[in-house]
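> Pasting a structure below so you can have a look.
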Amino acid sequence: MFARIPFFQSTPPMQDFSGMFHPINSKLDTKVVVSDYFIDLSRIYEEGVNLCQIERQCPSNIEQFVYNALNDCGHIEISQSIDPTKFDFTQLWPKASALAGYQDWIDDLILLVSAFCELFGRQQAGFRLRTLDKAMCPRFHVDRVPARLICCYGGMGSEWLPEYALNRQKLGMGSCGLPDAESGVIVDPTAIRKMPAYAVGLMKGEGWEGNEGYGLVHRSPTPKTEQPRRLLLTLDML
C-alpha cells in the first residue's frame with residue numbers, strides 16, 4: 001500500500017567546520033497536506049508536514065450504519081493494542097453487528113489499521129474506538145506521541161489551527177487556566193479548521209523526531225444539538 005520509509009533516519013557523520021560560526025534559524029515552517037488520495041498519508045514523512053488530511057466521501061451504507069448505531073446501540077469504548085492480521089474485528093460492537101452496513105464499516109476499520117501499521121512499519125497499533133457526547137479534549141493542545149491517526153465516523157470532526165493563527169506559548173500551563181477564547185492561544189478565530197466526518201487525519205505530535213515544539217495544535221469540538229454524539233477512531237504508534 002505504501003513504499004516503506006524508515007521512521008528513524010540514520011545520523012550523518014560529524015563534519016569538521018572551521019572559520020566563523022553563523023547561527024542557523026531553527027524555526028520550522030509547518031505545512032498541512034489536504035488531499036483526496038489515500039497514498040498522500042505517506043507525506044507525513046516530509047519535513048515540516050505536521051498534518052495529512054485525506055478527505056473521503058462517506059459511502060451511504062456506512063453513513064446510515066453510523067447514524068443508526070449512534071442512536072440505537074448505546075455506548076462503545078475500546079482501548080487496546082491490535083495486530084490487524086490477527087484481530088477479529090467483527091466482534092468489536094456486538095450490539096451493532098446486526099445493523100445494515102456493519103461489515104462495510106468493519107472493512108474500513110481494517111483498512112485504516114492495516115495502512116497505519118504498514119506506513120510506520122509496525123506490527124500493532126494502539127487502537128481506541130469510542131462514542132462521545134461531550135468534548136474529550138476541549139482545549140487546544142498537542143499530543144505527546146510521534147504520530148496519531150484520527151477518523152470521526154459520525155458527528156463533528158476535530159478542530160485544528162494553522163501555525164499562523166496560534167500562539168504556542170499559550171498552550172498548556174501558558175493558558176493560565178483560561179479557556180481558549182480568552183487565553184490568547186487563538187490569534188485568528190476565523191482560521192480554525194475542522195476535519196470533515198469520515199476524513200482521515202494523520203498528525204505529527206511532539207514525539208516525532210525533529211518535530212519537537214511543532215506538534216499539530218488541535219482540540220475536540222463541542223457537540224451541537226444537531227450533532228450530539230461522535231463515533232471516533234484514533235490510532236497510535238506502539
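> Would you please name the trypsin sites (Lys or Arg not before Pro) within segment 68-140 that are DSSP coil residues with at most 13 other C-beta atoms within 10 Å of their C-beta? Display every interim value, and only then the final one.
Working: sites: K86, K95, R122, R128, R130, K134, R139; in loops: K86, R122, K134, R139.
Filter output for segment 68-140: K86, K134.
> Then there is this: Strictly greater than 25 Å: what percent of every Cα pair in segment 31-237 meets that?
Everything past 25 Å amounts to 38 percent.
> Of the chain, which part is the longest with no GluC sites (Glu not before Pro) in a loop (DSSP not H, G, I, E, B) and with at most 16 other C-beta atoms within 10 angstrom?
Details: sites that count: E46, E47, E55, E206, E209, E212, E226.
Maximal segment without exposed cleavage sites: 56-205.
> Turning to a different aspect of this structure: Lysines near K134 by alpha-carbon distance under 28 Å, same-chain residues fewer than 8 away left out - which ones?
Result set, ordered by chain and number: K95, K170, K194, K204, K224.
> Rank the residues V49, V185 as a footprinting-exposure proxy: fewest other Cβ atoms within 10 Å of their Cβ go first.
Details: V49 18, V185 25.
Ascending Cβ contact count within 10 Å gives the list V49, V185.
> Same structure again: Kindly express, to the nearest 10 degrees and within the range 0 to 90, the angle between helix 60-72's C-alpha long axis and the longest C-alpha principal axis of the chain.
70
> State the Cα centre-to-centre distance between segment 55-112 and segment 149-178 in whole Å.
With segment 55-112 and segment 149-178 each reduced to a Cα centre, they are spaced 27 Å.
> Compare the Cα positions of Q227, V217, L238 along the charge dipole of segment 183-238 (+1 at Cβ of Lys, Arg; -1 at Cβ of Asp, Glu; about the Cα centre) and return the one farthest towards the positive end.
Q227
Read-outs: derived from the displayed coordinates by stated rules, not from any lab. Note that the structure is a prediction, hence the values are computed from the model and not measured. Every residue, glycine as well, gets a Cβ built from its backbone with ideal geometry; the counts of neighbours run over all protein chains shown.
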